Amino acid sequence: MCGIAGYIGKNQASNFLLDALKRLEYRGYDSAGMAVLNGENNLNYLKSLGRINELEEKMKKIELNGCLGIAHTRWATHGHPSEANAHPHSDCDENIFVVHNGIIENYKILKEDLIKKGHLFKSDTDTEVIAHLIEEHFKGNLEEALLSALKLVEGAYALAVISKDDPEKIVVAKKSSPLVICIGKDENFIASDSSAIAGYADKVIYLDDGELGIITKDDYRIISIANNNKIQKEHCNIDSDVADLQKNGHKYFMLKEIFESPEVIKNSTRGRIIPEKGLVKLGGLEVLDQEKLRNIKRIILIACGTASFAAMVGEYMIEEYAGIPVEVELGSEFRYRKPIIDSQTAIIAVSQSGETADTLASLEEARRKGALTLGIVNVVGSTISRETEAGVYNHAGPEIAVASTKAFISQMTVFALLSVYFGRIKEMSLTMGKRITEEIEKMPCLIEEVLKNDEQIKNIAREYSKYRNFLFMGRKYNYPIAEEGALKLKEVAYHIHAEGYAGGEMKHGPIAMIDENFPCLFIIPSDSVYEKMWSNMEEVKARNGKIIAIATEGNKEIKNIADDVIYIPKTLEMLTPILSAIPLHLFSVYMGMELGCDVDKPRNLAKSVTVE
Ligand code: M6R
């Protein structure tokens, strides 16, 4: 989704702004722009369609001098991608410039009204109404004008506004879209997330909904949009390291992040498992009344996309090992249903970014209905992490590639931890607790083994890149992995159509598609449903379908039926998805590369979907 950056201080604003835009690229965008105010009170701006380097090229020809500026990467919602629709947007006289992430739902009515009052619009965006509304209410003070404008606006926004008629400040506001302020020395920064600011200063302030900030070179003030009262905010440490934001020799962030999986598991489990006692310690849940936790009768996992597949794995784990009924709900569906929730229901929002609009809205709905709200979130300080009563951080580090990989591995790992945590509170034996925690401890080494198949997977991708349709099949713990494998292939190698199915469902429809041009990817570890999956493979072979199998090391018979086999080490059935996901993630990257796709920033996709 759109990315926002802003700078006010002693240095050239454009240097930081350009760097921040590059760091925000991962959020997904189709155009970019920047506006800078200089000491002579000139407000200059540049916009470009396409990648940030297009904007950078323009900046070489037309310099944007000045120590105060705002910038934006746009992911089109209202109005097609074009320079005219790129941000910043301005008022009629180009005195006021605005960047915005979110959707102004009532923009049409506002726009009609403003046009009647004589305002001239230059874009098709919802955002432009804000610039004209501020112009309409401006009497020399930018924050007062913005406050008046916001009283009329419905929808979601993270906003940053500058004006040459009130030149020594950036005014920001937030409702349902993320925004952070970063405090430096004689300079201050704003951005959509802290990854854009890491390395520039150490402390951030997370703006909450309903707050407006006035940021000057050496000070800041936060007030309530509702009543103008001053709000004291906590300063938090920035979680990201600049080194985390580099590719470390990999061609793509996605590859780097897949290869980080062993480290990610170490970080997600560090200090959390006590194998000799068969226990899991989750500090984030200790703040809760333990009796309330013990009395949970039902868990609802809310997530979108890849996080929802991790949640499905979590459902199987928690039901089998902790004996608590679990349901997985898509945030986009749950928020519009009439869910049955009570105080013995725990809602766990699962989200890498912690900003997914549908997941967040579902969480709020569940809280209103009295559920205990928890989160499994990667981005520290994100909205979901702040809106939940307690939770577990993934500690997977910044995930820059749009396609989620290492966060998915971490989410499944955290679910394995949770099933032992809840299991041991309930009826799980010491022996079982020990078995699972000991095996979780081995996972980083087992993933290292899987990653050694990298070259083989690259070759398989080369061989199969001529096909345009794929069916992914798995059963029980690996059914969600079939879904994930298909989603990842569609995302990253976007000329290919893929579907993920539960093996048992094959005869209920998808088998009709199978022929020599429709390869099937079977996830078939040596587990409790191995024979069932074998029958599915026989059915595909009988129809001349090509088969790639992900199987357990040592399984020789699989070579008699599958055209290609990728081996994963043996582990507990519940943990096989953590291993089987890795070859599928690698397969997607290499297929995307074969097809010349933009692997890290696939077309049309945004990293975090912060609007509906
Ligand atoms: O940040 P979240 O985990 O809440 O994001 C959820 C989905 O938008 C995300 O997993 C999406 O499906 C990814 N592009 C998958 O690679």
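Each reported figure results from applying straightforward, stated rules to the coordinates on display, with no laboratory input. Keep in mind it's a predicted model, so treat the numbers as computed, not measured. Virtual Cβ from ideal backbone geometry, glycine too; neighbours counted across all protein chains shown.
Here are a few things to note about the model shown:
- Cross-link pairs exceeding 28 Å in C-alpha to C-alpha distance, out of Lys247/Lys281; Lys108/Lys174; Lys406/Lys490; Lys297/Lys488, comprise Lys247/Lys281; Lys297/Lys488.
- Multiplying the residue separation of Leu120 and Thr216 by 0.36 nm and subtracting their alpha-carbon distance yields 31.5 nm.
- Summary of the geometry: region 362-407 and region 46-106, compared by the centres of their Cα atoms, lie 30 Å apart.
- Contour excess over end-to-end distance, with Cα ends at Asp113 and Asp208 and 0.36 nm allotted per residue: 31.2 nm
- Across region 90-104, rounded Karplus estimates of 3J(HN,Hα) from the backbone phi angles (6.51 cos²θ - 1.76 cosθ + 1.60, θ = phi - 60°) give 10, 7, 4, 9, 6, 9, 10, 10, 10, 10, 8, 10, x, 9, 8 Hz, Gly and Pro being marked x.
- For Thr405, Thr383, order by how many other beta-carbon atoms lie within 10 Å, fewest first: Thr383, Thr405
- Within the chain, percent of DSSP bridges classed antiparallel, to nearest 5: 60
- Length released on extending from Glu389 to Asn469, taking residue separation times 0.36 nm less the Cα-Cα span: 24.5 nm
- Pairs of alpha carbons in region 465-609 whose separation is greater than 28 Å (percent): 15
- For the residue pairs Lys151/Lys230; Lys47/Lys601; Lys434/Lys556; Lys151/Lys338, alpha carbon separations beyond 25 Å are given by Lys434/Lys556; Lys151/Lys338.
- Those GluC sites (Glu not before Pro) in region 1-110 that DSSP places in a loop and that have at most 16 other beta carbons within 10 Å: Glu40, Glu63, Glu83, Glu94, Glu105
- Computed from the C-beta positions of Glu291 and Asp165, the FRET efficiency with R₀ = 56 Å rounds to 0.45.
- Derived from the Cα gyration tensor, the three semi-axes of the equivalent ellipsoid of the chain are 45, 28, 21 Å, largest first.
- Spin-label pair Asn15/Gln456, simplified geometry with 7 Å Cα→Cβ offset, distance in nm: 5.0
- Relative contact order [Cα under 8 Å, 6+ residues apart], region 447-589, whole percent: 30
- Anisotropy class of region 253-447 from Cα gyration tensor, a/c 1.5 cut: oblate
- Among the GluC sites (Glu not before Pro) found in region 502-591, those both in a DSSP coil and sparsely packed, with 14 or fewer other Cβ atoms within 10 Å of their Cβ, are Glu516, Glu553.
- Sorted peptide list for 187-197, 394-404, criterion being average Cβ within 10 angstrom, highest first: 187-197, 394-404
- Per-residue packing, averaged as other Cβ atoms within 10 Å, sorts the ranges 3-13, 439-449 into the order 3-13, 439-449, beginning with the highest.
- In the chain, the DSSP-assigned H stretches of four residues or longer account for a calculated mean residue ellipticity at 222 nm of -10500 deg cm²/dmol, using -39500 (n - 2.57) per stretch and the full residue count as denominator.
- Taking region 158-314 and dividing mean pair separation by its residue count, relative contact order in percent (alpha carbons under 8 Å, at least six apart): 14
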